[in-house]
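Undergrad: Take a look at this one; I'll ask things after.
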Amino acid sequence: QAQLLESGGGLVQPGESLRLSCVASGSIFDINAMRWYRRVPGKQRELVATISKDGFTNYADSVKGRFTISRDNRKNTVYLQMDSLKPEDTAVYSCNMEIQPTRFSAEDSRWGQGTQVTVSS
């Protein structure tokens, strides 16, 4: 099975930037959609951004114009560039990928452990 590992979280002040990375390793034949989610304790998980295999992107209204999702298919990696961060962006951010482990297997939805992003002055 493939494993996902996020990095890049941390504590920043409002208005600053962070770049999250998520790399997939293990049994990987192909990767379709890649996504970033976030979750705040006591609230429902929110889909932040999606990027298709061909590079088409989609964003939650709350992050449009501030966040940018990108991917490097050669490195099995998805990124989330977060600019103009606000306190309400504070959450645990998790990546999700639709991974086909082998040529003849079905896609499997894989998740990372999550990385904490805290925006506070």
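The values are calculated or read from the model by the stated rules, or taken from the named source; none is laboratory data. All figures in this text were calculated on a predicted structure; none of them were measured in a lab. Neighbour counts are summed over all protein chains in view; Cβ atoms, including those assigned to glycine, are modelled from backbone coordinates with ideal geometry. All accessible areas refer to the heavy atoms of the entire protein, side chains included, with ligands and DNA or RNA removed. Shrake-Rupley method; radii C 1.70, N 1.55, O 1.52, S 1.80 Å.
Undergrad: Compute, for segment 3-65, the length of the dipole vector about the Cα centre, with Cβ point charges of +1 (Lys, Arg) and -1 (Asp, Glu) only. Units Debye, rounded to 20.
TA: It comes to approximately 180 debye.
Undergrad: Which whole-Hz ³J(HN,Hα) couplings does segment 51-64 yield from phi under the Karplus relation 6.51 cos²θ - 1.76 cosθ + 1.60, θ = phi - 60°, glycine and proline marked x?
TA: 9, 7, 4, 8, x, 6, 10, 8, 10, 5, 4, 5, 10, 4
Undergrad: By accessible area of protein heavy atoms, probe 1.4 Å, what ranking do Phe104, Phe67, Phe29, Phe56 get, highest first?
TA: Largest accessible area first, the list is Phe104, Phe56, Phe29, Phe67.
Undergrad: Report, ordered by chain and residue number, the aspartates and glutamates lying within cross-link reach of Lys43, taken as a straight Cα distance under 18 Å and ignoring same-chain residues fewer than 8 apart.
TA: The reachable aspartates and glutamates, counting only those whose Cα sits under 18 Å from Lys43, are Asp61, Glu88, Asp89.
Undergrad: What relative contact order, as a whole-number percentage, does the chain give when Cα pairs under 8 Å and 6 or more residues apart are counted?
TA: Relative CO of the chain lands at 37 percent.
Undergrad: Now a separate question. What residue among Met82, Met97, Met34 shows peak mean-square fluctuation when the chain is described by a Gaussian network model with Cα springs under 10 Å?
TA: Fluctuation is largest for Met82.
Undergrad: Here's another thing I want to ask about it. Kindly sort Lys53, Lys43 by accessible area of their heavy atoms, largest first, with the probe set to 1.4 Å.
TA: Descending accessible area places them as Lys43, Lys53.
Undergrad: Here's something else I'd like to know. Contour minus end-to-end for Arg103 and Thr57, with contour as 0.36 nm per residue of separation and end-to-end as the Cα-Cα distance?
TA: The span from Arg103 to Thr57 would gain 14.0 nm if fully extended.
Undergrad: Hey, what's the chain come to in accessible area per residue, 1.4 Å probe, Å²?
TA: 56
Undergrad: Check which residues have an amide H placed less than 5 Å from Glu16's amide H, if you skip close sequence neighbours.
TA: Excluding prolines and chain starts, which carry no amide H, the hits are Leu85.
Undergrad: What is the sum of charges, Lys and Arg at +1 and Asp and Glu at -1, for the other residues whose Cβ falls under 14 Å from the Cβ of Arg110?
TA: Local charge sum for Arg110: -4.
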